[in-house]
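Okay, so here's the structure we're looking at.
The values are calculated or read from the model by the stated rules, or taken from the named source; none is laboratory data. Treat the numbers as computed from the prediction; the structure is a model and nothing was measured. Cβ atoms come from the backbone with ideal geometry, glycine included; neighbour counts cover every protein chain shown.
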């Protein structure tokens, strides 16, 4: 409590330091603009010159978050803990050292969970550990181009994080170990990488790179205009211990995708198509997904409403005996994929998801969401966001999984301090009723975050 009171007293000074755009992975923040600006209080921590000419400087920052989530009839009443309430706590300090074309970035994490009735998992608790730690060097390519070569541990977010995301919403983000090379040249950016996901342990300093999973890829972005862009990518994924339904085996999966995104006036869009090929335990992989988000804003209307329509489809397996696996693999997607509740993930699913949000002024926003979910294939079950099977097909012919409604409110108290709260419910459909317990899930969420 003393720490919270101290931070509250320092907020007015710290708020003045927010001149760079903050991100969820922090290393993209650029505070070099403070080199020619007066620095007071916490401004000095954002730009600490180490040489007279300012070619070398240090940036310090951090984040503290407390989040409560409470459930009634989680997973529609399935054991082991359908009624649960827990508190997530995390602190993530970081230091960013720049020295000419070279830099070193380090971010630690202390992440704990209290009251998780079903047992703590890798998204709940990691103790004290290294979240990010890498070094990179940037080499000019002539003109305005550059090549950045990076090695170490980092949080990676590609595109809209449908396949490779930070997993920021849950308590413990998902880091990756390996090397990346990024070419930036005018409107073109090409990102090539060889990475292994980090397996999160529950103790201190025990997070390790996976020995069974690997991710390679090339991700290119072309932005011919400031308000329009196209992504094209290949992702190669290997898992020596993959599991689908009741089978375990080696999975080698290639994902080819294209994303078209942009904003023109009050209209915004983010549309993506993905095709997957490969093999699992001797079977051929034939999977695919389409994901769309279209938004209309009305900035001149009272409360500045913005309407969004998200429609997604991800393939499922049609026949376990046909030697073809049709279940889409979302790899490492963002957390809370379909909202604060999100009991199901983007595999074997059809989703229709309208929403509207309002700006109430003074940093207060409210969003209303409704969503309906169906199975893409009657021969496959439903999965959670990490990819675990939570309900088998069970012989049910029903497609309708259920309907989710949600209301959330956020208050950006100042540039550093924010609060959020949500109420959610997921009413089961015929498929859930056919395959097991089928009670309506209720969830309440509340969090406070300080981001320096």
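State all residues of segment 375-407 that are touching a strand residue (DSSP E or B) at 6+ places or on another chain (Cβ under 7 Å) and crowded, with 18+ Cβ neighbours inside 10 Å; if no residue qualifies, say none. Residues satisfying the conditions are 375, 376, 381, 382, 383, 389, 391, 401, 402, 404, 406. Just for segment 390-445: of the residues that are in a strand (DSSP E or B) and touching a helix residue (DSSP H, G or I) at 6+ places or on another chain (Cβ under 7 Å), which one is nearest to residue 370 (Cα to Cα)? Looking at the filtered set, the residue picked out is 402. Annotation: residue 195 fulfils all but one of (1) part of a loop (DSSP other than H, G, I, E, B); (2) over 22 Å from residue 29 (Cα atoms); the unmet one is (1). Is one or more of the residues making up segment 288-299 at pLDDT 95 or above and not in a strand (DSSP E or B)? Scanning segment 288-299 turns up at least one residue that is at pLDDT 95 or above and not in a strand (DSSP E or B). The residues of segment 127-183 that are surrounded by fewer than 16 Cβ atoms within 10 Å (Cβ to Cβ), at positive phi and in contact (Cβ under 8 Å) with a residue 40 or more places away in the chain amount to a single one, 143.
Is there a residue being assigned to a strand (DSSP E or B), without any contact (Cβ under 8 Å) to a residue 24 or more places away in the chain, at positive phi and over 20 Å from the mean Cα position of the chain (by Cα) anywhere in segment 47-55?
Among the residues of segment 47-55, not one is assigned to a strand (DSSP E or B), without any contact (Cβ under 8 Å) to a residue 24 or more places away in the chain, at positive phi and over 20 Å from the mean Cα position of the chain (by Cα), which makes the answer no.
Can you tell me which residue is nearest to residue 136 (Cα to Cα) among those in segment 67-105 that are in contact with a helix residue (DSSP H, G or I) (Cβ under 9 Å, 6 or more places away or on another chain) and in a strand (DSSP E or B)? Steps first, answer last, please.
Step one: list which residues in segment 67-105 are in contact with a helix residue (DSSP H, G or I) (Cβ under 9 Å, 6 or more places away or on another chain), which gives 76, 81-84, 98.
Next cut, in a strand (DSSP E or B) only: 84, 98.
Details: 84: 43, 98: 10 Å.
Among those residues, the one meeting the criterion is 98.
For the structure I just gave you, tell me whether residue 116 is touching a residue at least 12 places away in the same chain (Cβ under 8 Å), closer than 22 Å to residue 388 by Cβ and either surrounded by 17 or more Cβ atoms within 10 Å (Cβ to Cβ) or touching a strand residue (DSSP E or B) at 6+ places or on another chain (Cβ under 8 Å) (or both). Yes: the conditions hold for residue 116.
Screening residue 360 against (1) part of a strand (DSSP E or B); (2) in contact with a strand residue (DSSP E or B) (Cβ under 6 Å, 6 or more places away or on another chain) leaves a single unmet condition, (2). Against the numbered list (1) under 19 Å from the mean Cα position of the chain (by Cα); (2) outside any loop (DSSP other than H, G, I, E, B); (3) more than 30 Å from residue 279 (Cβ to Cβ), residue 351 comes up short only at (3). Residue count for segment 220-277, restricted to those that are outside any strand (DSSP E or B), touching a strand residue (DSSP E or B) at 6+ places or on another chain (Cβ under 8 Å) and modelled with pLDDT under 95: 2.
The residues on offer are 335, 326, 316, 339, and the sole one that is over 20 Å from residue 157 (Cα atoms), touching a residue at least 60 places away in the same chain (Cβ under 8 Å) and either in contact with a helix residue (DSSP H, G or I) (Cβ under 8 Å, 6 or more places away or on another chain) or crowded, with 17+ Cβ neighbours inside 10 Å (or both) is 316. One residue alone among 231, 206, 216, 283 is on the phi < 0 side of the Ramachandran plot and surrounded by fewer than 14 Cβ atoms within 10 Å (Cβ to Cβ), and that residue is 206. Going by the conditions given, is residue 360 loosely packed, with under 15 Cβ neighbours inside 10 Å, within 24 Å of residue 293 (Cα to Cα) and modelled with pLDDT of 95 or more? In short, yes. Scan segment 171-182 and give yes if some residue there is farther than 30 Å from residue 202 by Cα and in a strand (DSSP E or B), otherwise no. For segment 171-182, residues farther than 30 Å from residue 202 by Cα and in a strand (DSSP E or B): present.
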